1. Any residue in the stretch 69-78 that is at pLDDT 95 or above, farther than 26 Å from residue 149 by Cβ and among the hydroxyl-bearing types (Ser, Thr, Tyr)?
2. Which members of the stretch 144-162 meet the condition of being of a type in the set (D, E, K, R) and either modelled with pLDDT of 95 or more or under 13 Å from the mean Cα position of the chain (by Cα) (or both)?
3. Within the set of pairs 6 or more residues apart or between chains, which connect a residue that is over 18 Å from residue 177 (Cβ atoms) inside the stretch 130-147 to a residue that is among the acidic types (Asp, Glu) with Cβ atoms less than 6 Å apart?
4. Mind counting the residues in the stretch 107-147 that are among the aliphatic types (A, V, I, L, M) and in contact with a Ser or Thr (Cβ under 7 Å, 6 or more places away or on another chain)?
5. Kindly evaluate residue 81 against the criterion of being surrounded by fewer than 14 Cβ atoms within 10 Å (Cβ to Cβ), farther than 20 Å from residue 177 by Cα and without any contact (Cβ under 8 Å) to a residue 60 or more places away in the chain.
Amino acid sequence: MDKNFKNYFSKLLIIIYLSLFSACNNGVKINNNNSYNLDHQQKLLSNIKHYKLNGIITYISKQYNINANFYWQQINKNNYKFILTDKFNTVKLCLNVVDNTTRLIINNSSFFYQQSPDLVIKKLFNIDVPFKYLNNIILGIINNNQQFTLNKHGYLNTTKLCDNNNIWNIIYNNYHYYHNNTIILSKYIELYCNDANIKIKIYNWII
């Protein structure tokens, strides 16, 4: 091969390499873990103030193995409704929470508590459910100091949540999401704490 051509080809490769390197570092954000997409999603999710969803919730522990249909209505930040029904759509339990007041309806009887639903359910049934964080958990909103991992698509994969003396490990299914225009919403969520395992399968989102 001609020596001059070799020199020309070598210089050409160097120019191409330098061009590519400068293009990658001139205003183009290289981010292998897609944290830019996550930040954008977090902003979109934080703007959701009310929604409705339904699905199936399973609670498994040494003491319980409960499976029920559920309905969740987030009315505003501090006001939501949570309903459990059996396979015949008979209401088994209803929580209506306004600020720090909980109205519990069970067996057609209504009770009012000046406490959060977390404390009410723990006191009555000895069941731990992080209701005060459930809105953020369902939407997939994470706090600044919250540990988390992303999957290969840049979606939220796992996170941890401290609730009093409990540490909840939360897993978002890697491959099942609802895409509502630009918003990514989960279909399957699992929570683990001590011997308790909560599985949430969401059928429908209404935003």
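The values are calculated or read from the model by the stated rules, or taken from the named source; none is laboratory data. Model, not experiment: these values are computed from the prediction. Positions of Cβ are generated from backbone atoms using ideal geometry, with glycine treated the same way; all protein chains shown enter the neighbour counts.
1. Within the stretch 69-78, one or more residues are at pLDDT 95 or above, farther than 26 Å from residue 149 by Cβ and among the hydroxyl-bearing types (Ser, Thr, Tyr).
2. Step one: of the stretch 144-162, the residues of a type in the set (D, E, K, R) are 152, 160.
If the condition is that a residue be of a type in the set (D, E, K, R) and either modelled with pLDDT of 95 or more or under 13 Å from the mean Cα position of the chain (by Cα) (or both), then 160 is the only one that fits.
3. 130/163; 131/118; 132/118
4. Here the count works out to 3.
5. Against the criterion (surrounded by fewer than 14 Cβ atoms within 10 Å (Cβ to Cβ), farther than 20 Å from residue 177 by Cα and without any contact (Cβ under 8 Å) to a residue 60 or more places away in the chain), residue 81 does not qualify.
Residues are listed down the side, and each one gets a yes or a no for (1) more than 18 Å from the chain's Cα centre (by Cα); (2) hydrophobic (A, V, I, L, M, F, W, C):
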{"residue": "62", "(1), (2)": "yes, no"}
{"residue": "66", "(1), (2)": "yes, yes"}
{"residue": "70", "(1), (2)": "no, yes"}
{"residue": "74", "(1), (2)": "no, no"}
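Yes/no per residue for (1) assigned to a strand (DSSP E or B); (2) of a type outside the set (Phe, Trp, Tyr); (3) touching a Cys at 6+ places or on another chain (Cβ under 7 Å):
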site: 57; (1), (2), (3): yes, yes, no
site: 66; (1), (2), (3): yes, yes, no
site: 82; (1), (2), (3): yes, no, no
site: 93; (1), (2), (3): yes, yes, no
site: 121; (1), (2), (3): no, yes, no
site: 154; (1), (2), (3): no, yes, no
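To keep it simple, each residue is scored yes or no on (1) in contact with a strand residue (DSSP E or B) (Cβ under 7 Å, 6 or more places away or on another chain); (2) over 28 Å from residue 185 (Cβ atoms).
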| position | (1), (2) |
| --- | --- |
| 107 | no, yes |
| 113 | yes, yes |
| 146 | yes, no |
| 153 | no, no |
| 159 | yes, no |
